[in-house]
1. Report the residue count in segment 37-78 for those that are open to solvent by 60 Å² or more (accessible area, probe 1.4 Å), more than 23 Å from ARG99 (Cβ to Cβ) and out of contact with any helix residue (DSSP H, G or I) (no Cβ under 9 Å at 6 or more places or on another chain).
2. Within the set of pairs 6 or more residues apart or between chains, which connect a residue that is part of a helix (DSSP H, G or I) inside segment 94-117 to a residue that is loosely packed, with under 15 Cβ neighbours inside 10 Å with Cβ atoms less than 7 Å apart?
3. If you take the residues of segment 1-31 that are open to solvent by 10 Å² or more (accessible area, probe 1.4 Å), over 10 Å from the mean Cα position of the chain (by Cα) and hydrophobic (A, V, I, L, M, F, W, C), which of them is nearest to VAL87 (Cα to Cα)?
4. Just the residues that are under 16 Å from LEU80 (Cβ atoms), in contact with a strand residue (DSSP E or B) (Cβ under 8 Å, 6 or more places away or on another chain) and among the aliphatic types (A, V, I, L, M), please, taken from segment 98-114.
5. Which one is farthest from VAL52 (Cα to Cα) among residues in segment 79-110 that are open to solvent by 50 Å² or more (accessible area, probe 1.4 Å) and under 12 Å from the mean Cα position of the chain (by Cα)?
Amino acid sequence: MVDAANVVGSVPDGWWRDRAGATRRVYAGLAETTTGFDQVVFVVEGRARAGVPAGTEGRITTVHAEGEGDDEIVVQCEALAAEGATVTLATADRGLIARVAPFGVHIIGPRTIRDFD
């Protein structure tokens, strides 16, 4: 599970001038590398949604959050955990980490995902 906004914002590379483009670059990096994960859910919110279409391509499923990305991430993590999946979330958002903790979600830092691209 990737908190796209948090991963994009983890590097001050001018992402704020082009959120959609920055999101597209992170997505492309994930798509081109081996992350060690069978499936990646890439949750995108706000203006960044224009950078990557919703849907599944290869092992990456992009979800466009209708509202807050964090709310969608919690829903996705809960559903996957209920199916018995082991869920790892890339984020540094402490509030989000606390919200997914009841589902046994493992946490990795956003730069870990950036290192893949």
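1. The number of residues fulfilling the criteria is 3.
2. From residues that are part of a helix (DSSP H, G or I), the pairs are ARG114/VAL11; PHE116/THR33.
3. Once the filter is applied, the top-ranked residue is ALA31.
4. Initially, segment 98-114 is screened for residues under 16 Å from LEU80 (Cβ atoms), giving 99-108.
Checking which are in contact with a strand residue (DSSP E or B) (Cβ under 8 Å, 6 or more places away or on another chain) leaves us with 100, 105-108.
Hits for segment 98-114 are VAL100, VAL105, ILE107, ILE108.
5. Residue satisfying both the conditions and the ranking: ILE107.
The values are calculated or read from the model by the stated rules, or taken from the named source; none is laboratory data. Just so it is clear, the structure is predicted and the values come from calculations on it, not from any experiment. Don't worry about glycine lacking a Cβ; one is built from the backbone with ideal geometry, like all the others, and counts go over all protein chains shown. Just so you know, the surface numbers come from the protein's heavy atoms only, side chains and all, with ligands and any DNA or RNA stripped out. Shrake-Rupley method; radii C 1.70, N 1.55, O 1.52, S 1.80 Å.
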